[in-house]
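Enquirer: One structure coming up, written as structure tokens, with questions to follow.
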Number of protein chains: 2
Amino acid sequence: MISLADLQRRIEAGELSPDAAIVQSLEAIETREKDVRAFVCRASSAKAQASGPLRGIAVGIKDIIDTADFPTEMGSQIYRGWQPRSDAPVVMMLKRAGATIIGKTTTTAFASRDPTPTLNPHNPGHSPGGSSSGSAAAVGAGMVPLALGTQTGGSVIRPAAYCGVAAIKPSFRMLPTVGVKCYSWALDTVGLFGARAEDLARGLLAMTGRTEFSDIVAVRSPRIGVVRQDFAGPVEPAAEQGLQAAIKAAERAGASVETVDVPEAVREAWRIHPIIQDFEAHRALAWEFSERHDEIAPMLRASLDATVGLTPKEYDEARRIGRRGRRELGEVFEGVDVLLTYSAPGTAPAKELATTGDPRYNRLWTLMGNPCVNVPVLKVGGLPIGVQVIARFGNDPGALAVARFLEEALAKSN
Amino acid sequence: MISLADLQRRIEAGELSPDAAIVQSLEAIETREKDVRAFVCRASSAKAQASGPLRGIAVGIKDIIDTADFPTEMGSQIYRGWQPRSDAPVVMMLKRAGATIIGKTTTTAFASRDPTPTLNPHNPGHSPGGSSSGSAAAVGAGMVPLALGTQTGGSVIRPAAYCGVAAIKPSFRMLPTVGVKCYSWALDTVGLFGARAEDLARGLLAMTGRTEFSDIVAVRSPRIGVVRQDFAGPVEPAAEQGLQAAIKAAERAGASVETVDVPEAVREAWRIHPIIQDFEAHRALAWEFSERHDEIAPMLRASLDATVGLTPKEYDEARRIGRRGRRELGEVFEGVDVLLTYSAPGTAPAKELATTGDPRYNRLWTLMGNPCVNVPVLKVGGLPIGVQVIARFGNDPGALAVARFLEEALAKSN
């Protein structure tokens, strides 16, 4: 993989020109794209900007995010060739920081579940996950150092885990979702993919100008609460193996690790996530559903057809449960710095299963709005397993600092 | 004005065909539009739908709201001729309920402050207010029974007051802002204009399917707390005259009216509203600001130029103050059913002043997220004055029920 931090240091030191860094990505795309198919469209030639902390950084943008210089097709034939007038704010944040938008990455239709043509960079017989399939795969295949995705259920953390890359789903609303095709306005969150936690921190620093992302180093002796989310159903042995390896490495490196339970209200919040998601999707995609129903991708169409009867009353009750869950989850963080859990139920599913995997270990945290970081831990059968570090709402730097601790702990234990 | 409720009753009773109701709007537009200039574009012929509670209801849509059948120009030359692919969810809610979208109404550029060509239907020498200028004027001139606007500071309630129409800014996020050009994602709120509170309730019932909007009648003996918002600066005598007339009519009709103070935290929230608004506008309009700066309308451009230095730290602090204000405002509603205040500092400003008026009595309530309803009270110098009824967050039916009480009380006292 290409590390954003490494590129920045080499460019800063004059060892690498910004243009040469972009060429490195273009060449990597030339080599790897035919086997990975991460891009919907891309710049055949691209120049670096002369200044800005992200000069020389080639970025892939999930194709539900508006770009003025590339079509934005939402993974759907309904938007084939669709050209927005303007760049979404998150794209402008990157461009103003000096980044070069290198292309648009594949997305499942409207960031839902229908698989894209993208293949897992670790094994083309497997899914890269979704819905941010192309962004995770493009970083995992070493084509770009940074890519943007979005998560409504588990669409950033899960594909990151399957593709063996670091990713952050920041605190809800830290990055604007303006100009991002909406599925659920209470849940949609823009996230970043990179090689390591440090790369994510540098990306967020450059995009937001938030100085709390400067110089994030591994925290010492973090207090880690392990949450197995039994309410979300069983995991495959590979996921449990990854979690245990992370726990063991963390303990060896000086962390205190304890198993914690989440209150009933938080379990309830996990349960009602789909009600909020599906009720809002019916409004957000009302035009497509009413006017272009037959052109909606089949899995999404079936899901919308099945949830057409959700009522405002059920939605209001779900939102109340979500708010209660958020309050009670806050108390869980009084005893620990972060929570640690599975990023996905196992390794990436085989491509012929025609699934991008299950977001069941992610969706609670999307609804709660907490920052989540995927840390790659090990490989099972040649496919990556990651764990998810979750910090208190608004403590994105804390999530990244523990993710860095864990990366270093795992590097030492290997 | 055309009353939505009256049309519904006559259509239901078979006294009026839906098509005839649409023709009534088309003819009114033909007659009045040249003097009011409320529309950016409109259907020259339009048919009613055969079914749905809003069959026969012609609706005007503010031109920052995406429509698949009309261009959406945002009041800006940057979007001249811009044709979205899809209808915004709020437009689909209307269409699914049977409404006929009759045209797009004028908006100040990006719903900010630069005046549109629209004239006040009560006196063409005066502003209709803004930013939802065309929607307020189209309803006020009797051209349509229903129109959509949006409010970030005071862009629904203020023009409603100036044009002598009823309007509701619902609780934050009751109506989705998906497909609405964003200025501030924490503030932007879609609102409705109609002849009276009953019309607004019927519009919301049809759009949302929320049964709590069924059969809203005037509440008996409401407890009304008068808030003069001295922290927002002085009012003109005409506005105070309107407020006192509303108070007197309410008391005669059996309301208990007391003056209430808002806590310091709420006053602070009023103060920091512009920080949240302007910080987010710089992100929401980042592409326009960076790439098309010279084409941004001059008042908005000056405002953006002046606020370019706002920092994430100032923004985070403002959001904290906003949250504290919201908590403490909740306590104010323990003693009263609604708050009553000015809808605007006075009557509509003269057109030559090149201003849409001041949102200083509106912006606090937009930030707090509470439902607000404008009730026309009287005219001073031929120009309307309204008052603003504000209910607890989520109690939109309560705001409408007190607005209806006030309308009936004012009708009796005249």
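Enquirer: Please go through segment A:92-124 and pick out each residue that is among the charged types (D, E, K, R) and either surrounded by 24 or more Cβ atoms within 10 Å (Cβ to Cβ) or closer than 18 Å to residue A:209 by Cα (or both). Spell out how you get there, then give the answer.
Expert: Here is the first cut: in segment A:92-124, the residues among the charged types (D, E, K, R) are A:95-96, A:104, A:113-114.
Matches in segment A:92-124: A:95, A:96, A:104.
Enquirer: Now for a separate question. Kindly evaluate residue A:229 against the criterion of being at pLDDT 95 or above, surrounded by 15 or more Cβ atoms within 10 Å (Cβ to Cβ), among the polar types (S, T, N, Q) and closer than 22 Å to residue A:165 by Cα.
Expert: Working: at pLDDT 95 or above: yes; surrounded by 15 or more Cβ atoms within 10 Å (Cβ to Cβ): yes; among the polar types (S, T, N, Q): yes; closer than 22 Å to residue A:165 by Cα: no.
No.
Enquirer: Looking at (1) within 14 Å of chain A (Cβ to nearest Cβ); (2) surrounded by 24 or more Cβ atoms within 10 Å (Cβ to Cβ), which is the only condition residue B:174 fails?
Expert: With (1) within 14 Å of chain A (Cβ to nearest Cβ); (2) surrounded by 24 or more Cβ atoms within 10 Å (Cβ to Cβ) applied to residue B:174, the lone miss is (2).
Enquirer: What residue, of A:280, A:251, is in a helix (DSSP H, G or I) and either surrounded by fewer than 16 Cβ atoms within 10 Å (Cβ to Cβ) or away from chain B (no Cβ under 14 Å) (or both)? Walk me through how you get there before you give the answer.
Expert: On the way: A:280 fails: either surrounded by fewer than 16 Cβ atoms within 10 Å (Cβ to Cβ) or away from chain B (no Cβ under 14 Å) (or both).
When all the criteria are applied, what remains is A:251.
Enquirer: Being more than 24 Å from residue A:186 (Cα to Cα) and either touching a residue at least 60 places away in the same chain (Cβ under 8 Å) or not in a helix (DSSP H, G or I) (or both), is that true of even one residue in segment A:309-319?
Expert: Within segment A:309-319 (the criterion being more than 24 Å from residue A:186 (Cα to Cα) and either touching a residue at least 60 places away in the same chain (Cβ under 8 Å) or not in a helix (DSSP H, G or I) (or both)), the answer is no, since none of the residues qualifies.
Enquirer: Which ones in segment A:53-66 are within 19 Å of the chain's Cα centre (by Cα) and either more than 24 Å from residue A:289 (Cα to Cα) or within 10 Å of another protein chain (Cβ to nearest Cβ) (or both)? Spell out how you get there, then give the answer.
Expert: The first filter runs over segment A:53-66 and keeps only residues within 19 Å of the chain's Cα centre (by Cα), leaving A:57-66.
Within segment A:53-66, A:57, A:58, A:59, A:60, A:61, A:66 qualify.
Enquirer: Starting from segment A:185-206, keep only residues that are more than 14 Å from chain B (Cβ to nearest Cβ) and surrounded by 24 or more Cβ atoms within 10 Å (Cβ to Cβ), then list their pairs with residues that are in a strand (DSSP E or B) and of a type in the set (S, T, N, Q) whose Cβ atoms are within a distance under 7 Å, requiring at least 6 positions of separation or different chains.
Expert: A:191/A:150; A:191/A:151
Enquirer: For residue A:85, only one of the following conditions fails: (1) crowded, with 24+ Cβ neighbours inside 10 Å; (2) within 14 Å of another protein chain (Cβ to nearest Cβ). What is its number?
Expert: With (1) crowded, with 24+ Cβ neighbours inside 10 Å; (2) within 14 Å of another protein chain (Cβ to nearest Cβ) applied to residue A:85, the lone miss is (1).
Quick grid of which residues meet (1) under 14 Å from the mean Cα position of the chain (by Cα); (2) more than 25 Å from residue B:35 (Cα to Cα):
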position	(1), (2)
B:144	no, no
B:159	yes, no
B:194	yes, no
B:200	yes, yes
B:203	yes, yes
B:206	no, yes
B:212	no, yes
B:218	no, yes
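Enquirer: Identify all residues within segment B:113-139 that are within 12 Å of residue B:37 (Cα to Cα) and part of a loop (DSSP other than H, G, I, E, B); write none if there are none.
Expert: Listed by number, the residues that qualify are B:116, B:117, B:118, B:119, B:121, B:124, B:127, B:128.
Enquirer: Working carefully through the options B:353, B:367, find the one that is closer than 20 Å to residue B:116 by Cβ, in contact (Cβ under 8 Å) with a residue 60 or more places away in the chain and out of contact with any Cys (no Cβ under 8 Å at 6 or more places or on another chain). Show your work before the answer.
Expert: Details: B:367 fails: closer than 20 Å to residue B:116 by Cβ.
Answer to the selection: B:353.
Enquirer: Examine segment B:234-242 for a residue that is more than 30 Å from residue B:315 (Cα to Cα), in contact (Cβ under 8 Å) with a residue 40 or more places away in the chain, within 14 Å of chain A (Cβ to nearest Cβ) and of a type outside the set (A, V, I, L, M, F, W, C), and state whether such a residue exists.
Expert: no
Enquirer: Test each condition in (1) at negative phi; (2) assigned by TED's automatic domain parsing to the domain that holds residue B:257; (3) in a loop (DSSP other than H, G, I, E, B); (4) of a type outside the set (A, V, I, L, M, F, W, C) for residue B:394 and report the one that comes out false.
Expert: It is condition (1) that residue B:394 fails.
The values are calculated or read from the model by the stated rules, or taken from the named source; none is laboratory data. Small disclaimer: the values here were computed from a predicted structure and weren't measured. When we count neighbours, we look across all protein chains shown, and the Cβ atoms used for this are built from the backbone with ideal geometry, even at glycine.
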